[in-house]
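Trainee: Supplied in structure tokens, the structure appears directly below.
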Amino acid sequence: MLTYIVRRLLQSVLVLIAVGFIAFSLFSYVGDPINNMVGVEATDAEREWARKTLGLDDPFPVQFARFAAKAVQGDFGQSYRLSIPVATAIGERLPATLELVFVAAVMALLIGVPLGVYTGLHRDGAISRILLTISLIGISLPTFLIGILLIMVFSVWLGWLPSFGRGATVDLWGWESNLVSWEGFKSIILPAVTLCLFQLTLLMRLVRAEMLEVLRTDYIKFARARGLTNRAVNFGHALKNTLVPVITITGLQIGSLIAFAIITETVFQWPGMGLLFLQAIQFVDIPVMAAYLCLVAFIFVVINLIVDILYYAIDPRLRLDGSGHAH
Amino acid sequence: MGDTTNAQPLLQVENLRVEFPTRRGTLVAVDDISFHIDEGEVLGVVGESGAGKSLTGAAIIGLLEPPGRVASGQIIFDGARIDNIGYEKIRRLRGNQIAMIFQDPLTSLNPLITVGRQLTETIRTHVSVDERAARERAIELLNEVGIPAAERRVDQYPHQFSGGMRQRVVIALALAANPRLIIADEPTTALDVSIQAQIITLLKRLCKEHGTAVMLVTHDMGVIAETADRVAVMYAGRIVEVGPVQDVIRHAQHPYTHGLMNSIPVVRHDVEQLKQIDGAMPRLTDIPSGCAFNPRCPKVFEYCRDARPELVDVGATRAACWLYDDTRRAGDTT
Ligand SMILES: Nc1ncnc2c1ncn2[C@@H]1O[C@H](COP(=O)(O)OP(=O)(O)OP(=O)(O)O)[C@@H](O)[C@H]1O
Ligand code: SF4
Ligand SMILES: [Mg+2]
């Protein structure tokens, strides 16, 4: 177990170094940082001086090491656009995105998995067919369109839910949260639904396919032949065996939720990291872009690590720690 | 337990017909077969691949996979019909009265659940005992099927067992609630040749000790000869011969059984001879009219193509062949 995790950790560190390298390259290859800092009317001497004091004359590896050392401490320098530390800018936005992604992921899991199980068990039922048809729509409609439709129906026509922004948040020790009050939660519903719809349908279809596959296996037939109840067979035996692929995809999908959040946040003017990143791109705000890249990579790596550990917990065949061998 | 005064069979299959409705018509995979199994008896079922052996077993335990279905006939277990009793009732019979063992022990066990848990779950489905008692019974069962260090191995996962050991676990699972009939569908085919005999011997011994009847499906006539009391020979969804094992082996009446017996390898001689029956079994879509065996039969005569022969007493066995119908033969001029 320990070696397994250590190996995973080492791989994660390599991934982070690679991403850090790309993020760092942004500074050198996308625009000239000096231009962004000193302004157009600066003299050549002033530029030279800035270059020296910022260490931009140092050899590349030295610069990268300095960047990495700071990045690890969360220091990505000043935002060109906002003139505040990048860490502060992101720190203000991070809770909004994390909560949005969290709510979307929970919705996708809590709805997608049961629907997948249902449609897998009732393969030919009328409800299953309807659900599958709807899910096709869910997969093929673009996110922004769904978002706009939802806004039209629930905000404009019905007036039930706010159409943009975070609304009333509650400050939990510096973490602005939408999740602890109903007023706050109302604001997160539409963006979260929009964001989760694609993953929800994907998850439902995946669970359904896996269920169908598992239900055909010999051990399910044998379980039925032993007289186990449908409940025990379907949920105790079959569902458990669909979990490994479901966890893999869920892990990957949380990653893409963060990516998709950029669009959703734009549609709903949700003040999260995605919106920050888009604005950063418009203004070539490289420190913010670099920090966003590193942070997203870090989240990916952490999720992957959790997925790996979950595998390990679910599938005994991975636990090759010598507690028993075939003979 | 069954009433021993009137010698009612434990299982009675009457005119069973299993069909698959398809777009291009109905396929009849098991065509009007009848047989019985007595309490404690071992009935061997042999026949080439596709003869309908597995489907017969699945029909008995109510696990035909749709669109396959029992189209007509009756299955009577312990004096009561079980082919039309509804899900909950047949479920209670499964494992408890009628158990099933499948071909491949490597895939028969759930890989994510410990062997002990699969055993206790099965025990507690049919017997009202608490988890501790069930666990003790599980260990007892593992001991009984010859798994060493059962106390330790009960907590292990299937992948930690070898193929032969896994089939022992499967047998333990089948025996868990002390069923009266075990349908064993080629229980050793997937195993190493060196282990096959051990597993068959074990199954035979346990069923004898528990008085369990067995429907033993196999391709291996050697296993049948050693294990079965009676044997039924299937061809193209029909039973072509059935009778006491020694009679069927020594004095096979049906030409197909003859062919099968000749295909048993005779290792006593210097050279292993293995005569195969020419041709292959027909597919379900084009079963010949009359006797389904007629295109391959060395003794075929005109009438064989016209009508299907029924099982009739011939010597010590029953065979479905026009050769034994004197009036038909008399009418034949060849
Ligand atoms: N779902 C199905 N649809 C159509 N035909 C089927 C289906 N399942 C089985 N059959 C056919 O039914 C026939 C009998 O199958 P069965 O599995 O009972 O044969 P078997 O005697 O057990 O053969 P084997 O020795 O290969 O196990 C075969 O011809 C098979 O092709
Ligand atoms: S009925 Fe005719 S074809 Fe069929 S086995 Fe007998 S002799 Fe052969
Ligand atoms: Mg079979």
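Trainee: On the basis of being away from chain A (no Cβ under 11 Å) and in contact with a Gly (Cβ under 8 Å, 6 or more places away or on another chain), does B:Val145 make the cut?
Mentor: The answer is no for B:Val145.
Trainee: Could you list, in sequence order, the residues of the stretch B:280-313 that are in contact with a Cys (Cβ under 6 Å, 6 or more places away or on another chain) and buried (at least 18 other Cβ atoms within 10 Å of the Cβ)?
Mentor: Once the filter is applied, which keeps residues that are in contact with a Cys (Cβ under 6 Å, 6 or more places away or on another chain) and buried (at least 18 other Cβ atoms within 10 Å of the Cβ), the stretch B:280-313 yields B:Cys291, B:Asn294, B:Cys304, B:Pro309.
Trainee: Just the residues that are more than 13 Å from the chain's Cα centre (by Cα) and outside any loop (DSSP other than H, G, I, E, B), please, taken from the stretch B:222-240.
Mentor: Answer for the stretch B:222-240, where residues must be more than 13 Å from the chain's Cα centre (by Cα) and outside any loop (DSSP other than H, G, I, E, B): B:Gly222, B:Ala225, B:Glu226, B:Tyr235, B:Arg238, B:Val240.
Trainee: Do you know which residues across the stretch A:188-212 are within 14 Å of chain B (Cβ to nearest Cβ) and over 23 Å from B:Arg94 (Cβ atoms)?
Mentor: A:Glu210, the sole residue that qualifies.
Trainee: Something else: I'd like the residue in the stretch B:153-164 that is more than 8 Å from every other protein chain (Cβ to nearest Cβ) and in contact with a Gly (Cβ under 9 Å, 6 or more places away or on another chain) and, out of all such residues, is surrounded by the most Cβ atoms within 10 Å (Cβ to Cβ).
Mentor: So, considering only residues that are more than 8 Å from every other protein chain (Cβ to nearest Cβ) and in contact with a Gly (Cβ under 9 Å, 6 or more places away or on another chain), the one surrounded by the most Cβ atoms within 10 Å (Cβ to Cβ) is B:Val154.
Trainee: With respect to B:Asp247, determine if the residue is more than 24 Å from B:Ile37 (Cα to Cα), away from ligand 1 (no atom under 16 Å from the Cβ) and of a type in the set (Asp, Glu).
Mentor: no
Trainee: Does B:Glu241 satisfy the condition of being of a type in the set (Asp, Glu), modelled with pLDDT of 90 or more, away from ligand 3 (no atom under 16 Å from the Cβ) and within 19 Å of B:Val312 (Cβ to Cβ)?
Mentor: For B:Glu241, the condition - of a type in the set (Asp, Glu), modelled with pLDDT of 90 or more, away from ligand 3 (no atom under 16 Å from the Cβ) and within 19 Å of B:Val312 (Cβ to Cβ) - is met.
Trainee: Please tell me if B:Leu109 is among the aliphatic types (A, V, I, L, M), within 8 Å of chain A (Cβ to nearest Cβ) and either closer than 30 Å to A:Arg319 by Cα or within 16 Å of ligand 3 (Cβ to nearest atom) (or both).
Mentor: When the stated conditions are applied, B:Leu109 passes them.
Trainee: Pick from B:Thr201, B:Thr257: which is over 28 Å from B:Asn96 (Cβ atoms) and either at pLDDT 90 or above or assigned to a strand (DSSP E or B) (or both)?
Mentor: Going through B:Thr201, B:Thr257 in turn, just one is over 28 Å from B:Asn96 (Cβ atoms) and either at pLDDT 90 or above or assigned to a strand (DSSP E or B) (or both): B:Thr257.
Trainee: Scan the stretch A:160-182 and give yes if some residue there is under 24 Å from the mean Cα position of the chain (by Cα) and part of a helix (DSSP H, G or I), otherwise no.
Mentor: no
Trainee: Restricting attention to the stretch B:171-180, which residues are surrounded by fewer than 23 Cβ atoms within 10 Å (Cβ to Cβ) and facing chain A (nearest Cβ under 9 Å)?
Mentor: B:Ala177, the sole residue that qualifies.
Trainee: Considering each of B:Arg132, B:Arg168 in turn, give the residue that is surrounded by fewer than 21 Cβ atoms within 10 Å (Cβ to Cβ), of a type outside the set (A, V, I, L, M) and assigned to a helix (DSSP H, G or I).
Mentor: Among B:Arg132, B:Arg168, only B:Arg132 is surrounded by fewer than 21 Cβ atoms within 10 Å (Cβ to Cβ), of a type outside the set (A, V, I, L, M) and assigned to a helix (DSSP H, G or I).
Trainee: Shifting gears a bit: May I ask you to list the residues in the stretch A:135-159 that are part of a loop (DSSP other than H, G, I, E, B) and within 23 Å of the chain's Cα centre (by Cα)?
Mentor: A:Leu141, A:Pro142
Trainee: Please tell me if B:Ile61 is over 28 Å from B:Phe293 (Cβ atoms), crowded, with 18+ Cβ neighbours inside 10 Å and either within 16 Å of ligand 3 (Cβ to nearest atom) or at pLDDT below 90 (or both).
Mentor: yes
Trainee: Another one. Among the residues in the stretch A:72-84, are any touching a residue at least 12 places away in the same chain (Cβ under 8 Å) and part of a helix (DSSP H, G or I)?
Mentor: No, because not a single residue in the stretch A:72-84 is touching a residue at least 12 places away in the same chain (Cβ under 8 Å) and part of a helix (DSSP H, G or I).
Trainee: Further, regarding this structure: So if I check each of B:Ile75, B:Ile82, B:Ile101, which one is touching a strand residue (DSSP E or B) at 6+ places or on another chain (Cβ under 8 Å), within 16 Å of ligand 3 (Cβ to nearest atom) and aliphatic (A, V, I, L, M)?
Mentor: The conditions single out B:Ile101.
Trainee: Would you tally the residues in the stretch B:204-213 being in contact with a helix residue (DSSP H, G or I) (Cβ under 9 Å, 6 or more places away or on another chain) and either assigned to a loop (DSSP other than H, G, I, E, B) or within 16 Å of ligand 1 (Cβ to nearest atom) (or both)?
Mentor: Counting residues in the stretch B:204-213 that are in contact with a helix residue (DSSP H, G or I) (Cβ under 9 Å, 6 or more places away or on another chain) and either assigned to a loop (DSSP other than H, G, I, E, B) or within 16 Å of ligand 1 (Cβ to nearest atom) (or both) gives 1.
Trainee: Can I ask one more? For the stretch B:306-319, how many residues are in contact with a Pro (Cβ under 7 Å, 6 or more places away or on another chain) and free of Cβ contacts under 8 Å to residues at least 24 places away in the same chain?
Mentor: 0
Trainee: Still on this structure: Within the set of pairs 6+ apart or on separate chains, which have a first residue in the stretch B:161-181 that is closer than 15 Å to B:Glu144 by Cα, a second that is at pLDDT below 95 and of a type in the set (Asp, Glu), and C-beta atoms under 8 Å apart?
Mentor: B:Gly164/B:Asp192; B:Ala172/B:Glu144; B:Leu175/B:Glu144
Trainee: Okay, moving on. Which of the residues that make up the stretch A:118-137 are under 21 Å from A:Thr248 (Cα atoms) and in contact with a Lys or Arg (Cβ under 8 Å, 6 or more places away or on another chain)?
Mentor: Hits for the stretch A:118-137 are A:Thr119, A:Gly120, A:Ser135.
Trainee: For the stretch B:188-198, how many residues meet the condition of being more than 12 Å from chain A (Cβ to nearest Cβ) and not in a helix (DSSP H, G or I)?
Mentor: The total comes to 4.
Trainee: Consider the stretch A:223-237. How many of its residues are within 9 Å of chain B (Cβ to nearest Cβ) and either in a helix (DSSP H, G or I) or on the phi > 0 side of the Ramachandran plot (or both)?
Mentor: Number of matching residues: 8.
Trainee: Among residues belonging to the stretch B:83-105 that are buried (at least 17 other Cβ atoms within 10 Å of the Cβ) and farther than 23 Å from B:His210 by Cα, point out the one that is farthest from the other protein chains (Cβ to nearest Cβ).
Mentor: Here the answer is B:Asp83.
Trainee: Looking at B:Thr122 and the list (1) more than 14 Å from every other protein chain (Cβ to nearest Cβ); (2) under 30 Å from B:Gly44 (Cβ atoms); (3) not basic (Lys, Arg); (4) not in a loop (DSSP other than H, G, I, E, B), which single condition is not satisfied?
Mentor: Among (1) more than 14 Å from every other protein chain (Cβ to nearest Cβ); (2) under 30 Å from B:Gly44 (Cβ atoms); (3) not basic (Lys, Arg); (4) not in a loop (DSSP other than H, G, I, E, B), B:Thr122 violates only (1).
Trainee: Being away from chain A (no Cβ under 14 Å), more than 16 Å from ligand 2 (Cβ to nearest atom) and in a loop (DSSP other than H, G, I, E, B) is the filter here; which residues of the stretch B:34-71 pass it?
Mentor: B:Asp38, B:Glu39, B:Gly40, B:Glu41, B:Ser49, B:Gly50, B:Gly52 - these are the residues of the stretch B:34-71 that are away from chain A (no Cβ under 14 Å), more than 16 Å from ligand 2 (Cβ to nearest atom) and in a loop (DSSP other than H, G, I, E, B).
Trainee: With respect to B:Ala71, is the statement that it is near ligand 1 (Cβ under 8 Å from one of its atoms) and either modelled with pLDDT under 95 or basic (Lys, Arg) (or both) true?
Mentor: no
Trainee: OK, next. Anything in the stretch A:27-46 that is modelled with pLDDT of 75 or more and either part of a loop (DSSP other than H, G, I, E, B) or among the charged types (D, E, K, R) (or both)? List them, or say none.
Mentor: Once the filter is applied, which keeps residues that are modelled with pLDDT of 75 or more and either part of a loop (DSSP other than H, G, I, E, B) or among the charged types (D, E, K, R) (or both), the stretch A:27-46 yields A:Thr43, A:Asp44, A:Glu46.
Trainee: Considering each residue of the stretch B:25-55, count those that are of a type in the set (A, V, I, L, M, F, W, C), surrounded by fewer than 22 Cβ atoms within 10 Å (Cβ to Cβ) and away from ligand 1 (no atom under 12 Å from the Cβ), and give that number.
Mentor: 1
The values are calculated or read from the model by the stated rules, or taken from the named source; none is laboratory data. Here the structure is a predicted model, which means the values were calculated and not measured. Ideal geometry is used to build each Cβ from the backbone, glycine not excepted, and the neighbour counts take in all protein chains shown.
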